[in-house]
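Quick note: the coordinates plus some simple rules give every number you see, no bench work behind them. Just so you know, these numbers come straight off a predicted model, no measurement behind them. Virtual Cβ from ideal backbone geometry, glycine too; neighbours counted across all protein chains shown.
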Amino acid sequence: MTSSDILSRLPYTEPFLFVDEIANIDQDGVSGSYRFREDAYFYEGHFKGNPVTPGVILTECMAQIGVVSLGIFLLESGTRDVQQAQQPNKLAMSSSEMDFFHPVYPGEKVTVVSKKMYFRFNKLKCEVEMFNSSGKLICKGKIAGMVY
């Protein structure tokens with residue numbers, strides 16, 4: 001499965017797609033990137049005169065790259081019966097725990113690195129980190145998602 005295959009299977013579209021590229025992916029983790037558009041809708045009111053990417057959007061970006069993209073890869077590369085393979089998977093975030101250290105401003109590119117903690121009983125849990133283009137840690141935490 002290629003990066004473009006994974007990107008085409010993501011269940012998001014603009015303006016709520018926060019994945020530009022999947023750089024590396026395997027059974028144990030994934031890394032990818034996203035550049036926050038300067039004209040993104042959420043900057044208008046967050047904050048007045050000093051736009052900063054909301055933490056919930058950073059968490060969503062980390063979930064899309066670090067959990068959903070990895071989950072698609074794991075499901076597609078695993079063994080599934082024919083009936084299950086013909087039905088599209090529905091994904092939902094089930095928990096997150098995040099620590100934030102630095103802001104992300106409009107136009108910044110971030111890289112997300114995710115390491116699988118476990119994938120069992122249709123639940124994927126990962127340790128995720130986000131870095132800016134200088135390699136500075138922006139935030140880190142744990143995110144889990146369910147396949148149903």
(message) Which order do the peptides 23-31, 107-115 come out in when sorted by mean C-beta neighbours inside 10 angstrom, highest first?
(response) 107-115, 23-31
(request) Using R₀ = 25 Å, calculate the FRET efficiency as 1/(1 + (r/R₀)^6) where r is the Cβ-Cβ separation of GLU108 and MET146; round to 0.05. (result) 0.25
(request) From the C-alpha gyration tensor of the range 3-148, pull out the three semi-axes of the equivalent ellipsoid (sqrt of 5λ each), sorted largest to smallest, in whole Å. (result) 27, 15, 13
(message) Can you tell me which of TYR12, TYR41, TYR105 moves the most in a GNM of the chain? Springs connect C-alpha atoms under 10 Å apart.
(response) TYR41
(message) For the range 1-48, compute Rg over Rh where Rg is the Cα radius of gyration and Rh is the Kirkwood radius from the inverse mean 1/r over Cα pairs.
(response) 1.08
(request) Can you find, among TYR118, SER95, LEU70, the residue farthest towards the positive end of the dipole of the range 38-148? Put +1 on the C-beta of Lys and Arg, -1 on that of Asp and Glu. (result) TYR118
(request) Could you please report the charge total around GLY141, scoring K, R as +1 and D, E as -1 over all other residues with beta-carbon less than 15 angstrom from its beta-carbon? (result) 0
(message) Test of understanding: extend the Cα→C-beta vector of ARG35 to 7 Å, then name every residue of the range 3-24 with backbone N under 13 Å from that spot.
(response) 20-21
(request) For the range 35-46, take each phi angle, set θ = phi - 60°, evaluate the Karplus expression 6.51 cos²θ - 1.76 cosθ + 1.60, and give the result in whole Hz per residue in order, putting x for glycine and proline. (result) 9, 6, 5, 5, 9, 4, 4, 6, 6, 4, x, 9
(request) Excluding ARG9 itself, calculate the net charge of residues whose Cβ lies under 13 Å from the Cβ of ARG9, where each Lys or Arg counts +1 and each Asp or Glu counts -1. (result) -1
(request) Taking a cut-off of 17 Å between Cα atoms, list the lysines near LYS123, but don't count ones fewer than 8 places away on the same chain. (result) LYS90, LYS115, LYS142
(request) Rounding to the nearest 20 debye, state how big the charge dipole of the range 3-147 is about its Cα centre with +1 on each Lys and Arg Cβ and -1 on each Asp and Glu Cβ. (result) 380 debye
